Structure formats: structure tokens, C-alpha cells
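*Asks:* One structure follows; several queries about it will come next.
Derivation of every value follows stated rules applied to the coordinates shown; laboratory data play no part. These figures come from a predicted structure and were not determined experimentally. Cβ coordinates were reconstructed from backbone atoms using ideal geometry, including for glycine residues, and neighbour counts include every protein chain displayed.
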Amino acid sequence: AEESDFIQEELYKNSNFIHPRNSKILYYDCTNYYFEIEAEDGIKKYGKSKEHRPNPIVTMGLFMDADGIPLAFDIFPGNQNEQLTLKPIEKKVIKDFNCSEFIFCSDAGLGGKSNRFLNSFGNRSYVITYSLKKMKKEERELALLPTQFKVPGSNKLIDLRTLDESDPKVYNTIYYKEYPLVTGDMDETVIIT
């Protein structure tokens, strides 16, 4: 455990000799593990268990590269908010793995303002899932409109209602639209697919 950071760093460096690592897109997520014990012990703390168990847990944060190969991980106390796990691991990835230019991808649970802000500097950016249910009413209505969609590489606007979904080409094409989201704190772009 004391050599975990060094082992991860060396494993990353040496794995590049076998398969070049695609670290331009990094995925991050957290999970937790419970212990069949009754009392807290060390970093095994009572927290919000993903399995809704009443036992002490630890939280694990994991970065994967664009090919889905694990890059770096760390273990945190079970009572720590998972939003706070990103910064220490990301600093390790930037410093020890020399990965400073990437797109950070995560689910909404780890897409808090401070984590988005962290990944809006230098040559980093982010893609975070966004819940339609949590959008403001007017934003949700705009997102659900079937108009103003495009296909990658074209600026032609498409109304989804005019498409024949039984056509395999239409069915297998990705359609998207985007609009600016101006909040005053951070200007962002919402992409609907």
C-alpha cells in the first residue's frame, strides 16, 4: 500500500511499451466497498453505500484511459463525499503520469462545479452527463424539441420527426444539437444526442 502510487506510475509507463496508451480522454468514476464489520476502523467509515448496506465502507476512485484500461486509482474514507476524490487523483495523473492534456469524462455525480472548474484550464476540458430531470424547465423543453439537430460534419438542421427510423442508415446515425448555457459563473455548452 505504501508503494501504490509508485507502482501505478511505473505500470503506466511500462504498459506503453505493450500498447500505446490513449490518455487524451480520461474517464473517472467512484464506487464503494463494504466490510462485514460492525464498527468503523481506519478509513472504513459509515457512509452512503451504493448497496444500501449499514456496514462501514471505503470509496475507490478510478481513472481509465480512452481504451478502458485502468490508469490510476486511490482509496478514500467511506464517509468522504465522492466529489472530493477527483482532485487528488487527477493531480497524481498530471504530475506522475505526465498526462496534462485530456478531456475529463464523468457522470453527473462527479460533475460538480469545482470538478468542472478544475478541468477548464490549460489543455483540459470536460464532458459531464446532465440529467434532463434536473434541468430548468425552459432548458428541458429546449432540449426535448425534435428540431435543430445535426449530424457530425454537417451544419444542415434536421427535424427528427421527418426521419424514417426503419431505415438502418437513419437508425445508426448520431444526431445532436447544442446550445450555450450561460450561468454567470461558468459558460458551458449543452450537447443533446
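*Asks:* With charges only on Cβ, +1 for K and R and -1 for D and E, what is the dipole size of region 132-193 about its Cα centre, in debye, rounded to 20? Walk me through the numbers on the way to the answer.
*Replies:* Values: 10 positive and 11 negative charges, 26 e Å.
Magnitude of the dipole: close to 120 debye.
*Asks:* Here's another thing I want to ask about it. Positive end of the charge dipole of region 58-184 (Lys, Arg +1 and Asp, Glu -1 on Cβ, about the Cα centre): tell me which of Ser120, Gly153, Val170 has its Cα farthest that way.
*Replies:* Comparing the listed Cα positions along the dipole, Ser120 ranks first.
*Asks:* Starting at 0 and stepping by 5 Å, how many percent of the alpha carbon pairs of region 132-193 end up in each bin?
*Replies:* 4, 15, 24, 24, 15, 11, 5, 2, 1
*Asks:* Per residue and in Å³, how big is the convex hull formed by the alpha-carbon atoms of region 16-116? Walk me through the intermediate numbers first.
*Replies:* Numbers: hull volume 11.6 nm³, N = 101.
In region 16-116, the Cα hull volume divided by residue count equals 115 Å³.
*Asks:* Which longest uninterrupted range of the chain lacks any trypsin sites (Lys or Arg not before Pro) assigned by DSSP to a loop state (not H, G, I, E or B) and surrounded by at most 11 other Cβ atoms within 10 Å?
*Replies:* Values: sites that count: Lys136, Lys156.
Excluding the exposed sites themselves, the longest stretch runs over 1-135.
*Asks:* Cα-Cα over 28 Å: which of Lys48/Lys87; Lys133/Lys169; Lys50/Lys95; Lys91/Lys177; Lys45/Lys137?
*Replies:* Values: Lys48/Lys87 20 Å; Lys133/Lys169 30 Å; Lys50/Lys95 31 Å; Lys91/Lys177 33 Å; Lys45/Lys137 38 Å.
Exceeds cut-off: Lys133/Lys169; Lys50/Lys95; Lys91/Lys177; Lys45/Lys137.
*Asks:* With +1 on each Lys and Arg Cβ and -1 on each Asp and Glu Cβ, how big is the dipole of the chain about its Cα centre, in debye rounded to the nearest 20?
*Replies:* Values: 25 positive and 30 negative charges, 133 e Å.
Roughly 640 debye for the chain.
*Asks:* Report the antiparallel proportion of the DSSP beta bridges in the chain as a percent, rounded to a multiple of 5.
*Replies:* Details: 25 of 32 bridges.
Here the share of antiparallel DSSP bridges comes out near 80 percent.
*Asks:* Follow-up question, since we're still on this one. Short version: ³J(HN,Hα) in whole Hz for each residue of region 16-22, in order, from phi by Karplus 6.51 cos²θ - 1.76 cosθ + 1.60 (θ = phi - 60°), x for Gly and Pro, what are they?
*Replies:* Computed from phi, the couplings for region 16-22 are 5, 6, 8, 8, x, 7, 9 Hz.
*Asks:* Using only the Cα atoms of the chain, each taken as one equal point scatterer with no solvent, compute I(q) by the Debye sum, divide by I(0), and report log10 of the ratio at q = 0.17, 0.19 Å⁻¹.
*Replies:* -1.17, -1.27
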